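Just below is one structure, and these are the notes that go with it.
The values are calculated or read from the model by the stated rules, or taken from the named source; none is laboratory data. Here the structure is a predicted model, which is why all the values come from computation and not from measurement. As a convention, Cβ positions derive from the backbone with ideal geometry for all residues, glycine included, and neighbour counts pool all protein chains shown. The area values use the complete protein model at the heavy-atom level, side chains included, leaving out ligands, DNA and RNA. Shrake-Rupley method; radii C 1.70, N 1.55, O 1.52, S 1.80 Å.
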Amino acid sequence: MKVLVTGGAGYIGSHTICELLDHGMEVVSADNFQNAVPETFERIEAITGQKVVNENLDLSEVKACQILFEQHPDITAIIHFAARKAVGESVEKPLVYYRNNLNSTINLLHFGTLAGVKHLVFSSSCTVYGNPGNQPVDEDSPVGNIESPYGYTKMMGEQILRDHIHSHPSFSGISLRYFNPVGAHPSGKLGELPLGKPNNLVPFITETAIGLRPCLEVFGADYDTPDGTPIRDYVHVVDIAKAHVQALLHIQQSDQRERFEVFNLGTGKGMSVLEIIQAFEQATGVALNYRFSPRRAGDVETIYANADKAAQVLKWQPEYSLETMMASAWKWQQHLANQR
Ligand code: WQD
C-alpha cells in the first residue's frame, strides 16, 4: 500500500509516518513547509532508518495537485493532515483558512479519485462539536455552533468527504476527530515544533519550563469546573498516530460497515489546565511559573471523548499515560534546547 501523507512534516503527520513505516507501508509526503521545517524528514529517518520522499507543493493549487498524482500514479490511500490550524488566526483571516483547507481537500479528492485512489483518512477535530452540553461526547453528538473558521473548515471537510463518497461507490473514507494531541515520540527526537509563540497549552508549558517564555498564562479560573479551569481530553500523539494505521487497515476491509465513518480519538478522561500543570511538574520535577489571566475568546468549558467506537471498530485504545505525555514533551523540548 502506498500512502500519501499530506502535511507529513507536521506534528501529527510526522508521528504517523513513523508508524506507517513501522508497519511496512510505503509513504510519500506532500508538505510545503508553511508551518513546519524540512529537518523533520531527517528526524523521521533517524528514528525509522528510512528516507521519505516529500513533494513541496501547495495542495490548494489545482495544477500542483494534479502534477502530484501524475508523479505518483500508484497511491492507493491518502491521509490528509495538511491544513492551517491556528484557531485565533482563522478568526482574523477566515478566507485564507477556507481557501487553503477546503481547496486542498477538494483537489485531493478530485485528482486522487481520477488517479485511482480508493481511500482517504481525514484529520478532523473535536472542535466540530462546538460547546457540547453532555459529556463525554460521542460521535452522534450534534456538530455545529463552532467557535472559529478553522473549526468550520473541519466540519465542511467532513461533509465534502461524505458527499464525495456518496457519489463514488468505489471510494471510502474515515474522519478522525482528535481531542487534544500532546506529547512527543518516545525517542525524544520528534515532537511538536510551533513556529513562533505557541497557541496550545503543552508547548507553552515546555517552552516556559525551559526558559524560552517567562510565564505561562492560565486563561480563566472562573469556569464552572472543580478547580475553575477548562477541562480537555489530552491524548498522546503516538496513540493518535497509531489510530491512523488502524484506520487504514479497517478501511481496506471489504466488510467495512459504512463507507464513511467518524471516530473520536481521546482517552475519555477530562483533565483541567491546573491538573496538566501539576502532571507536568510531577513528571519532570520542574516547577512551572504561571499566573491566571482572563478567559481566552472561543474556549469551551469542558470537552472530553467517548472513544468506545474507535475501541470496538478500529481496535484502537490509547496506551500512553498522562505522565508519559508530559515526560515525552519535556524530553523533546530538552532535545531541541541541546541542538541550539
Ligand atoms: C487547552 C486549554 C486553554 C494555552 C485547540 C483547537 C482544537 C485542536 C487542539 C488543533 C484551554 C488553556 C492554553 C495557554 C492556557 N486542534 N491554555 N494557556 O483550545 O482545547 O484546542 O487545539 O489543531 O481544534 O481548538 O487546545 O492547547 O490551545 O488549550 O491556559 O497558553 O489550555 O485556555 O483551556 P484547545 P489548547
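Dividing the summed helix terms, -39500 (n - 2.57) for each DSSP H run of n ≥ 4, by the number of residues in the chain produces a 222 nm estimate of -12000 deg cm²/dmol to the nearest 500.
Taken over the chain, the alpha-carbon convex hull comes to 125 cubic angstrom per residue. Summing +1 for each Lys or Arg and -1 for each Asp or Glu among the other residues whose beta-carbon sits under 12 angstrom from that of S90 gives +2.
Going by alpha carbons, how many degrees (0 to 90, nearest 10) lie between the helix axis of 103-114 and the longest principal axis of the chain? Compared with the principal axis, the helix lies near 30 degrees.
Taking one quarter of the surface of the C-alpha convex hull of the stretch 57-199 gives a mean projected area of 10.5 nm².
The convex hull built on the alpha-carbon positions of the stretch 232-340 has an orientation-averaged projected area of 9.5 nm².
Mind telling me which of L114, L21, L314 comes out most flexible in a GNM of the chain, alpha-carbon contacts under 10 Å? Checking each option, the largest mean-square fluctuation is seen for L114. If the Kirkwood radius is taken over C-alpha pairs of the stretch 1-95, then at 25 °C and 0.890 mPa s the Stokes-Einstein diffusion coefficient equals 178 µm²/s. Hull volume per residue, based on the alpha-carbon atoms of the stretch 187-249 and their convex hull, is 141 Å³. In whole angstrom, note down how far apart the Cα centers of the stretch 299-340 and the stretch 101-162 are. When both Cα centres are located, 21 Å separates them. Net charge dipole, the chain: roughly 440 debye, given to the nearest 20, about the Cα centre with Cβ charges of +1 for Lys and Arg and -1 for Asp and Glu. Over the stretch 64-122, Cα pairs under 8 Å with separation of 6+ residues give a relative contact order of 60 percent. How much of the accessible area of the chain, probe 1.4 Å, is carbon plus sulfur, in whole percent? That fraction is 48 percent. Using bins of 10 Å that start at zero, the share of Cα-Cα pairs per bin across the stretch 98-138 amounts to 23, 36, 25, 15, 1, in whole %. Can you pull a Stokes-Einstein diffusion coefficient for the stretch 1-52 at 37 °C (0.692 mPa s), Rh from Kirkwood over Cα pairs, as a whole number of µm²/s? Value of D from the Cα-based Kirkwood radius: 308 µm²/s. Residues in the chain average 43 Å² of solvent-accessible surface per residue, probe 1.4 Å, ligands and nucleic acids excluded. Angle check, please: helix 149-167 long axis (alpha carbons) against the longest principal axis of the chain (alpha carbons), in degrees 0 to 90, nearest 10. Rounded to the nearest ten degrees, it is 30. Pairwise Cα distances in the stretch 90-165 exceed 20 Å for 37 percent of all pairs. In degrees between 0 and 90, to the nearest 10, how far off the longest principal axis of the chain does helix 273-284 point, with axes built from Cα atoms? Tilt of helix 273-284: around 90 degrees.
Tell me the relative contact order for the stretch 278-340 as a rounded percent, counting alpha carbon contacts under 8 Å between residues six or more apart. Intermediate values should be presented prior to the final figure.
Values: 20 pairs, mean separation 32.4, N = 63.
Once divided by the residue count of the stretch 278-340, the mean separation gives 51 percent.
Remark: relative contact order (the chain) = 19 percent; criterion is Cα-Cα distance under 8 angstrom and separation of 6 or more residues.
Using only the alpha carbon atoms of the stretch 147-259, find the Kirkwood hydrodynamic radius as the inverse mean reciprocal pair distance, in angstroms to one decimal. Provide the component values of the computation, followed by the final result.
Numbers: mean 1/r = 0.0571 Å⁻¹.
Every distinct Cα pair counted, the radius reaches 17.5 Å.
For the pairs K2/K242; K93/K309; K269/K331; K2/K85; K242/K331, flag any whose C-alpha to C-alpha distance is greater than 28 Å. In this structure, K93/K309 lie more than 28 Å apart at Cα. Expressed in units of 2.2 N^0.38 Å, where N is the residue count, the Cα radius of gyration of the stretch 128-208 is 1.42. Looking at the chain alone, DSSP beta bridges between its own residues are antiparallel in about 5 percent of cases. Taking 20 °C and 1.002 mPa s as conditions, the stretch 24-75 diffuses translationally at an estimated 177 µm²/s according to Stokes-Einstein applied to its Kirkwood radius (Cα pairs).
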